[in-house]
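K.L.:
Shown below is the structure under consideration.
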Amino acid sequence: MEFRLRANISSIRDRREVTDLAIFGGEPAFSRSMYVSRPSVPSLDMFMVRVAEAWERQWFTNDGPLAQELERELAAQLDVSHCVLAGNGTAAMSILFKALDLDGEVLIPSYTFISTAHALSMAGIKPVFADVEPDSWNIDLAHCQRLLTRGTSAIIATHLFGATCDVGALERFCKDHGLKLIFDSAHAFGCSVDGRPVGSFGDAEVFSFHATKAFHTFEGGAVTTNDARTASRLRKLRNFGFDENGHVAMVGTNAKMSEIHAAMGLANLECIAATLKRSQDCHTAYQQALAGVEGISVYRPDLRGRSNYHYVVADVDSKRFGLTRDQLLRVLQAENIVARRYFYPDRSRDFPYTDRLNDRLIQFPGGADVKVTDVEKICSLMAFIGNSSRDISAMLAASVD
Ligand SMILES: Cc1ncc(COP(=O)(O)O)c(C=O)c1O
């Protein structure tokens with residue numbers, strides 16, 4: 001689909017002066033906040049019809065019929081033998097460490113969400129950070145190679161921002177070095193590699209179904225795996241260690257998903273194709289509209305495989321754009337465009353590509369719920385900001401003094 005910038009969007013058309021920007025006292029471009037990951041929703045009826053079933057049964061948790069149905073549906077959709085739901089992605093990751101008997105050190109990307117490092121630390125395992133690749137922003141195998149020690153037990157690779165990792169290279173590397181391989185697929189529901197859905201790679205994959213994700217259950221998560229033993233251990237681990245006969249077979253925790261959460265998942269799954277299509281349209285609109293804005297490069301999440309296009313992230317080259325990423329964030333946020341930087345990695349280490357992302361990456365409001373007309377409005381404003389960056393920069397500097 002072709003999208004073109006509309007010059008006649010009223011609020012932007014009238015914005016001829018830098019002083020019209022909201023940061024300098026003008027009217028914000030949006031009357032309500034545009035967030036980066038506004039949850040997508042099915043119709044209330046689609047959700048409530050399932051809630052009513054659970055109500056009728058008075059069965060709300062403990063591996064209920066809706067959770068079981070969602071596990072079956074997800075396993076089928078992701079083309080994987082087992083899907084084990086959990087209360088959230090972090091809990092799913094934590095029980096997987098136990099299911100796979102991880103210990104010692106685990107390599108993880110330096111540019112990812114903090115939950116992985118924290119879950120490892122809480123399990124008594126040392127997270128070891130590897131830098132990311134310059135083009136895909138995913139874990140750099142060459143750096144992993146240099147970080148290997150006798151104590152390394154696994155790699156956890158994140159399919160960051162819906163861009164799939166080099167799964168073949170990671171699987172070979174882990175096999176050669178006797179390591180377990182986990183994918184953090186929190187950002188990658190609906191992505192695929194060579195036609196094979198994300199969900200069946202490595203020893204296991206971990207999804208977050210948090211409300212901000214491409215597919216969600218309000219809060220939730222899952223481990224998917226083709227290994228029956230791992231799945232069976234996960235089922236016990238998430239339910240206090242109880243086995244099928246109600247005996248405590250191992251030390252476990254409570255990481256179950258409730259029926260109400262599963263109901264939301266089933267309703268969302270029914271419309272997932274349309275949801276992903278809207279996200280792609282939104283992403284395409286950004287790519288096209290920002291192509292002409294000097295110094296802003298929209299990240300392509302489909303270099304290695306199919307993306308879910310849920311995240312719209314871009315690199316800000318401050319020399320060419322005229323403002324730093326942080327200055328741009330301030331200007332946009334005043335317009336109620338709640339663009340964000342992402343992650344807060346440790347700066348004490350020498351990771352050139354992570355540091356670069358830390359300074360330059362910006363995430364725009366994206367996903368299925370952002371209308372193409374709103375994207376056009378944001379991008380028109382971006383073009384104006386870029387063209388006026390010298391004046392904006394001077395006024396920002398003056399406002400600090
Ligand atoms: C890359 C990544 N991994 C893991 C998580 C943790 O998932 P949850 O919030 O469901 O615990 C998140 C975010 O929520 C994430 O973005």
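The values are calculated or read from the model by the stated rules, or taken from the named source; none is laboratory data. Keep in mind it's a predicted model, so treat the numbers as computed, not measured. All Cβ positions, glycine included, derive from the backbone under ideal geometry; neighbour counts span all protein chains shown. We work out accessible area using only protein heavy atoms, side chains counted, and drop any ligands, DNA or RNA first. Shrake-Rupley method; radii C 1.70, N 1.55, O 1.52, S 1.80 Å.
K.L.:
Where in the chain are the DSSP H helices whose C-alpha atoms run 18 Å or more along the long axis and whose mean Kyte hydropathy is at least -0.5? Working shown, then result.
P.N.:
On the way: long enough: 44-57 (20 Å, 0.14); 65-78 (19 Å, -0.21); 272-290 (27 Å, -0.38); 372-387 (22 Å, 0.87).
Counting only whole DSSP H runs, the qualifying helices are 44-57, 65-78, 272-290, 372-387.
K.L.:
Ok, one more. Give me the Kirkwood hydrodynamic radius of the chain, using the inverse of the mean 1/r over all pairs of distinct Cα atoms, in Å to one decimal. Intermediate values should be presented prior to the final figure.
P.N.:
Details: mean 1/r = 0.0447 Å⁻¹.
Value: 22.4 Å, from the Cα pair sum.
K.L.:
Find how much the distance from R32 to W55 grows on full extension, using 0.36 nm per residue of separation minus their present alpha carbon separation; answer in nm with one decimal. Walk me through the numbers on the way to the answer.
P.N.:
On the way: separation 23, 0.36 × 23 = 8.28 nm, distance 3.52 nm.
Extra length available between R32 and W55 comes to 4.8 nm.
K.L.:
Between beta-carbons, use under 10 Å as the cut-off and find the net charge around D194, counting Lys and Arg +1, Asp and Glu -1.
P.N.:
Working: positive: R196, R304, R306; negative: none.
Net local charge, D194 excluded: +3.
K.L.:
Further question on the same structure: Work out how much length V400 to E270 would gain on full extension: take 0.36 nm times their residue separation and subtract the Cα-Cα distance, in nm to one decimal. Before the final figure, lay out the partial values.
P.N.:
Numbers: separation 130, 0.36 × 130 = 46.80 nm, distance 5.09 nm.
Between V400 and E270, full extension yields 41.7 nm more.
K.L.:
Right, next: Among residues other than W59 whose Cβ falls under 14 Å from its Cβ, what is the net charge (Lys/Arg +1, Asp/Glu -1)? Don't skip to the answer; put the middle values down first.
P.N.:
On the way: positive: R50, R57, K256; negative: E53, E56, D63, E69, E259.
Spelling it out: positives minus negatives among the neighbours equals -2.
K.L.:
Within 10 Å, count the other beta carbons around each residue, average over each peptide in 152-162, 24-34, and list them highest first.
P.N.:
Numbers: 152-162: 25.0, 24-34: 14.8.
Final packing ranking: 152-162, 24-34.
K.L.:
In whole percent, what relative contact order does the stretch 7-121 give with Cα contacts below 8 Å and a gap of six or more residues?
P.N.:
11
K.L.:
Further, regarding this structure: Using only DSSP helix segments of four residues or longer, with each worth -39500 (n - 2.57), what per-residue ellipticity at 222 nm results for the chain after dividing by its residue count and rounding to 500?
P.N.:
Numbers: 15 runs with 160 residues, N = 401.
So the helix-based figure for the chain works out to -12000 deg cm²/dmol.
K.L.:
Now for a separate question. So what does the Cα-only Debye profile of the stretch 338-386 read at q = 0.18, 0.21, 0.28 Å⁻¹, as log10 I(q)/I(0), no solvent term?
P.N.:
-0.70, -0.80, -1.04
K.L.:
Let me ask another. When only C-alpha pairs under 8 Å and at least 6 residues apart count, what is the relative contact order of the chain, in percent? Could the numbers behind the result be given before it?
P.N.:
Numbers: 823 pairs, mean separation 90.2, N = 401.
Here the relative contact order equals 22 percent.
K.L.:
Across the stretch 136-265, how large is the tail of the calculated P(r) beyond 18 Å, expressed as a percent of all Cα pairs? Don't jump to the answer; show the numbers that get you there.
P.N.:
Values: 5068 of 8385 pairs.
Roughly 60 percent, once rounded to a whole number.
K.L.:
Any chance you could check the Cα centroid distance between the stretch 288-333 and the stretch 116-143 for me, in angstrom?
P.N.:
The stretch 288-333 and the stretch 116-143 have Cα centres separated by 24 Å.
K.L.:
For K256, what charge total do you get from the other residues with a beta carbon under 11 Å from its beta carbon, if Lys and Arg give +1 and Asp and Glu give -1? Write out the running numbers ahead of the final one.
P.N.:
Working: positive: R235, R238; negative: D63, E259.
Result for the local shell: 0.
K.L.:
What is the magnitude of the charge dipole of the stretch 59-116 about its Cα centre, with +1 placed on the Cβ of each Lys and Arg, -1 on the Cβ of each Asp and Glu, and no other charges, expressed in debye to the nearest 20?
P.N.:
On the way: 2 positive and 8 negative charges, 25 e Å.
Computed charge dipole of the stretch 59-116: roughly 120 debye.
K.L.:
Once the dipole of the stretch 292-400 is set up with Lys and Arg at +1 and Asp and Glu at -1 on Cβ about the Cα centre, which of I392, V338, N358 lies farthest towards its positive end?
P.N.:
It is N358, whose Cα lies furthest towards the positive end.
K.L.:
Something else: Starting from the Cα of V251, step 7 Å along the direction of its Cβ; do the same at K371; then give the gap between the two resulting points in nm.
P.N.:
Label at V251, label at K371, 5.5 nm between them.
K.L.:
Also: Mind listing P(r) for the stretch 221-303? All alpha-carbon pairs, 10 Å bins, whole percents.
P.N.:
14, 25, 22, 19, 14, 5, 1
K.L.:
Can I ask one more? Take the solvent-accessible surface of the protein heavy atoms, probe 1.4 Å, and return the percent of it on the chain that carbon and sulfur atoms account for.
P.N.:
Working: 8790 of 17740 Å².
On the chain, the fraction of accessible area on carbon and sulfur atoms equals 50 percent.
K.L.:
Would the stretch 260-401 count as rounded, prolate or oblate if I go by the C-alpha gyration tensor, calling it rounded below 1.5 in a/c and otherwise prolate when a/b exceeds b/c, oblate otherwise? Before the final figure, lay out each step's value.
P.N.:
Numbers: a/c = 1.98, a/b = 1.56, b/c = 1.27.
Verdict is prolate for the stretch 260-401.
K.L.:
Shape of the stretch 184-227 from its Cα gyration tensor (a ≥ b ≥ c, root eigenvalues): rounded if a/c is under 1.5, otherwise prolate when a/b > b/c, or oblate?
P.N.:
Because a/c hits 1.5 or more and a/b fails to exceed b/c, the stretch 184-227 counts as oblate.
K.L.:
Probe of 1.4 angstrom, ligands and nucleic acids ignored: what's the accessible area per residue over the chain, in square angstrom? Intermediate values should be presented prior to the final figure.
P.N.:
Values: 17740 Å² over 401 residues.
Normalised by residue count, the accessible surface of the chain is 44 Å².
K.L.:
I would also like to ask the following. Relative contact order for the stretch 284-328: what percent, with Cα pairs under 8 Å and sequence separation of 6 or more?
P.N.:
36
K.L.:
Given labels modelled 7 Å from the Cα in the Cβ direction, how far is it in nm from A76 to D20?
P.N.:
Simple spin-label model gives 5.4 nm for this pair.
K.L.:
With the cut-off at 27 Å, tell me which of the pairs K213/K319; K98/K277; K256/K371; K126/K236; K319/K377; K256/K277 have Cα atoms farther apart than that.
P.N.:
On the way: K213/K319 33 Å; K98/K277 37 Å; K256/K371 35 Å; K126/K236 25 Å; K319/K377 24 Å; K256/K277 31 Å.
The answer is K213/K319; K98/K277; K256/K371; K256/K277.
K.L.:
Another question, then. What's the center-to-center distance, using Cα atoms, between the stretch 151-185 and the stretch 340-395 in Å?
P.N.:
29
K.L.:
Then there's this: Of the listed peptides 211-221, 245-255, 368-378, what is their order by residue-averaged count of other C-beta atoms within 10 Å, with the highest listed first?
P.N.:
Working: 211-221: 22.5, 245-255: 12.8, 368-378: 20.3.
For the peptides 211-221, 245-255, 368-378, the packing ranking is 211-221, 368-378, 245-255.
K.L.:
Sticking with this structure for a sec: From the residues A157, L181, W137, which one has its Cα farthest along the dipole of the stretch 136-192 in the positive direction, the dipole being from +1 and -1 charges on Cβ of Lys/Arg and Asp/Glu about the Cα centre?
P.N.:
L181
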